[in-house]
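A quick write-up on the structure given underneath.
The values are calculated or read from the model by the stated rules, or taken from the named source; none is laboratory data. For clarity, every value in this text was computed on a predicted model and none was experimentally measured. Every residue, glycine as well, gets a Cβ built from its backbone with ideal geometry; the counts of neighbours run over all protein chains shown.
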Amino acid sequence: MRRTDREVTSFAEIVDMLSRADTIRLGINGEPYPYVVPLSFAMEAGEGKIALYFHGAMKGLKRELLEKSPHVCVEADLFHGYAGTPGGVTTRYESFIGFGKAVRMYGAEAAKGLDLLLARCGCEGYAYDTAALEGTAVYRIDLDAFTGKRNRAKSD
């Protein structure tokens with residue numbers, strides 16, 4: 001990272017940052033171009049590890065590309081505004097980038113992922129039928145590597 005003064009190295013701070021983000025952007029290998037899609041997500045974090053969950057349709061470009069190459073990049077950010085500084089104008093932000101492999105979940109693990117997603121969007125305990133679960137592709141990304149970066153106001 002070029003700006004090490006903005007690097008976030010604390011696992012707890014990275015998890016906090018990610019927990020406050022409302023969307024992740026999933027970068028998938030595509031041809032001839034990369035494919036990036038915004039997604040709702042849920043996460044589990046502990047012992048220095050982060051797992052992200054997302055869902056999607058049973059058909060479509062995202063699923064096709066993930067079947068060909070499950071290695072992904074995930075980005076999330078929090079925009080806090082612009083600020084004038086003695087050197088010009090800067091952006092106040094927090095950002096997260098992670099790398100891992102998106103794996104489709106089945107059965108109890110898919111239900112767990114869907115339950116986490118529902119809880120994150122404020123619908124904890126929502127009773128869905130098994131047909132809804134069977135008609136939804138649920139994925140988990142165990143992140144192999146991740147970084148955090150921020151540029152906040154000096155008083156933050």
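Here are some notes:
- Test: residue in region 61-68 that is out of contact with any His (no Cβ under 7 Å at 6 or more places or on another chain) and either of a type in the set (S, T, N, Q) or in a loop (DSSP other than H, G, I, E, B) (or both): no
- Residues located in region 11-30, provided they are small (Gly, Ala, Ser) and in contact (Cβ under 8 Å) with a residue 60 or more places away in the chain: Ala21
- Selection within region 102-113 - in a helix (DSSP H, G or I) and surrounded by fewer than 20 Cβ atoms within 10 Å (Cβ to Cβ): Gly107, Ala108, Glu109, Ala111, Lys112
- Residue among Gly87, Gly98 that is under 29 Å from Glu7 (Cβ atoms), among the small types (Gly, Ala, Ser) and free of Cβ contacts under 8 Å to residues at least 24 places away in the same chain: Gly87
- Filter result for the condition that a residue is assigned to a strand (DSSP E or B), under 18 Å from the mean Cα position of the chain (by Cα), of a type in the set (Phe, Trp, Tyr) and surrounded by fewer than 11 Cβ atoms within 10 Å (Cβ to Cβ), over Phe99, Phe79: Phe79
- Qualifying residue in region 124-132 (condition: in a loop (DSSP other than H, G, I, E, B) and either basic (Lys, Arg) or touching a Lys or Arg at 6+ places or on another chain (Cβ under 6 Å) (or both)): no
- Subset of region 128-150 that is aliphatic (A, V, I, L, M) and modelled with pLDDT of 85 or more - its residue that is surrounded by the most Cβ atoms within 10 Å (Cβ to Cβ): Ile141
- In a residue-by-residue description of region 27-41, the property of being over 15 Å from Leu143 (Cα atoms) and in contact with a Phe, Trp or Tyr (Cβ under 6 Å, 6 or more places away or on another chain) applies to at least one position.
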